[in-house]
1. May I ask you to say which residue of A:Leu166, A:Leu200 is in the same structural domain as A:Leu260 (by TED's automatic domain parsing) and surrounded by fewer than 23 Cβ atoms within 10 Å (Cβ to Cβ)?
2. Taking the options A:Ser258, A:Ser251, name whichever one is of a type in the set (S, T, N, Q), closer than 22 Å to A:Val361 by Cβ and in contact (Cβ under 8 Å) with a residue 60 or more places away in the chain.
3. What number of residues within the range A:266-306 are of a type in the set (D, E, K, R) and more than 10 Å from every other protein chain (Cβ to nearest Cβ)?
4. May I ask you to list the residues in the range B:9-34 that are modelled with pLDDT under 85 and within 14 Å of chain A (Cβ to nearest Cβ)?
5. Can A:Phe108 be described as among the aromatic types (Phe, Trp, Tyr) and over 17 Å from the mean Cα position of the chain (by Cα)?
6. Search the range A:354-375 for residues being within 14 Å of another protein chain (Cβ to nearest Cβ) and of a type in the set (Gly, Ala, Ser), and hand back the single one that is surrounded by the most Cβ atoms within 10 Å (Cβ to Cβ).
7. Run B:Ile82 past the list (1) crowded, with 16+ Cβ neighbours inside 10 Å; (2) more than 14 Å from chain A (Cβ to nearest Cβ); (3) of a type outside the set (Phe, Trp, Tyr); (4) farther than 21 Å from A:Arg144 by Cα and report the number of the one that doesn't hold.
8. Only one residue in A:Arg65, A:Arg48 is surrounded by 13 or more Cβ atoms within 10 Å (Cβ to Cβ), of a type outside the set (A, V, I, L, M, F, W, C) and part of a helix (DSSP H, G or I), so which one is that?
Amino acid sequence: MLFHSLDFAIFLPIVFFLYWFVAKKNLKLQNALIVTASYVFYGWWDWRFLSLIIFSTLVDYSIGRRLKNEEKQSTRKILMWTSIIVNLGFLGFFKYYNFFLDNFIAAFSFFGQEIQPNTLNIILPVGISFYTFQTLSYTIDVYRNKLEPTEDFIAFSAFVCFFPQLVAGPIERASNLLPQFYKKRIFTYEKSADGMRQILWGLFKKVVIADNCAEYANLIFNNYGDYNGPTLILGVIFFAFQVYGDFSGYSDIAIGTSKLFGFNLMQNFATPYFSRNIMEFWKRWHISLTSWLTDYVFTPLAINYRHWGTMGIVSSIFFTFLISGLWHGANWTFIVWGALHGLYFLITILFTRGKTPKGIVGQNSVLPSLKEIGQIVLTFLLVCFSYIFFRVDSLSHGFAFISRVCKSDWNFPDFEGRLLALQIIILIVFLLFVEYAQRNYDFTLDLSRFRSKSVRLVVYISLVLLIIIYWPSKEQVFVYFQF
Amino acid sequence: MNFPTNKHLFKNSKMTRDLIKVELDIVFRDVLDDDSISLSDSTVAEDIEEWDSINHIQLVVQIEKRYKIRFKAAEIQSWENIGEIIDSIIRKLE
């Protein structure tokens, strides 16, 4: 079920009503309702995939309980690895089976050995990479004694399948989300209104920015041979705002929807395109995945290899970025994208001696300094270059795209629908303006500093109108669903 | 500043903890390049902007060098605050 669909527009008020008016006095009933609603939400795509979530839930719940009563370290380790193998086994099979098989076949054929391919027609369950990482973090934290294992199966099931963030995050930690299922949630107007504001901004980013940018990004990337260099560069910029609007828009809707039910999810994006270097970018982009990879991949690796000196840190950082790339998709293009960011990150550490710029851009002034503007533009260009590999279907497509940018003539961008594209560019500037002005707030539409109700009302009505006017003719799914 | 190496000094007394804390202040200021750092038992990574995951590894290495000790990986990952780091150092030196 997509957030910007009629199905969800009917589903959400029904669940909201049942949650606050029918089940409001019974915490267990509220949690059970969340589990049921989440299974309906997920089953809307394909009921068969529910079995994977339910199996993962059962495995991690049981392992958590066993870990609580187990003191023998070797047995604890076996239990943790059982969870890792089961969860990553599912992920590996559904997401990476054909990728690894194809590469093995190619590697053997390189050495003159022909193997009969036996690839399977596997459908990727929506959001499997997200909920797998979420459940894994629970078991690892329990194993590390950082979290008390739960004895409430319904609460744990709700934590695993909580519908607002189930299919595209934020990837929540059990230490933040699980305890919220133990406590009575209280409905407050302020929190619900904040939730609605965040949903509105998320819809604007998804429907107006991302979906319209997608039209041009798709047109230009799919027919790159027909366009000149500046048009191709514009295509990459459209893609940069498609991905940002799409994914951060989803996160805003997820966080806003959670607020409607009395929950607080972690912030997932913090104006990443205003980052002054790549290190800062990764503190502001997909924060929940970065912190997950930091805690469960980078830190254990870097600790184990800390006595290798610089090599230990460098290889741990680079490996973590490769994993990040592979997490995004079973394709060499994503691995190259991850490797590029790994390189960017290491070069940035070298030049800055590991110092991320302090605070936020324009910390003590209205406008950013010239130096900051230069840093932001450079960081954005580096990110855009990596997006070429994020967007293309194959490495050869990526290299051909770059070659075309370098070799074609440099005239004014020329493509169909330039007038609408100009409108979209103006809307992107509007997006950047609002996000810059609101950069110090937890969410963009926190307009509490404007005392006048009419100012706020004008903003809300304008956004609703923009969403209606620019609703795309073709329904676009969320980019991150494929991950 | 040289920390005393006499084994008998390393009892989990308030004085020992204070001495280690002073030493850790120096290590943290040096690694994180911030002279304003002043640690307490309850200080956590979120309290110091420069204390990120990469600098954390450098801090561990410098602490191990200074006290000529070696922590276990699980021990390092269990630390929640400075107080727990000091506990680990004292355990290693006792």
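1. Among A:Leu166, A:Leu200, only A:Leu200 is in the same structural domain as A:Leu260 (by TED's automatic domain parsing) and surrounded by fewer than 23 Cβ atoms within 10 Å (Cβ to Cβ).
2. A:Ser251
3. Residues in the range A:266-306 being of a type in the set (D, E, K, R) and more than 10 Å from every other protein chain (Cβ to nearest Cβ): 3 in total.
4. Within the range B:9-34, none qualify.
5. Taking the combined requirement at face value, the residue satisfies it.
6. The extreme case among them is A:Gly354.
7. With (1) crowded, with 16+ Cβ neighbours inside 10 Å; (2) more than 14 Å from chain A (Cβ to nearest Cβ); (3) of a type outside the set (Phe, Trp, Tyr); (4) farther than 21 Å from A:Arg144 by Cα applied to B:Ile82, the lone miss is (4).
8. Among A:Arg65, A:Arg48, only A:Arg65 is surrounded by 13 or more Cβ atoms within 10 Å (Cβ to Cβ), of a type outside the set (A, V, I, L, M, F, W, C) and part of a helix (DSSP H, G or I).
The values are calculated or read from the model by the stated rules, or taken from the named source; none is laboratory data. Computed from a predicted model, the values in this text were never measured in an experiment. Reconstructed Cβ throughout: ideal geometry from the backbone, glycine too, with neighbour counts over all protein chains shown.
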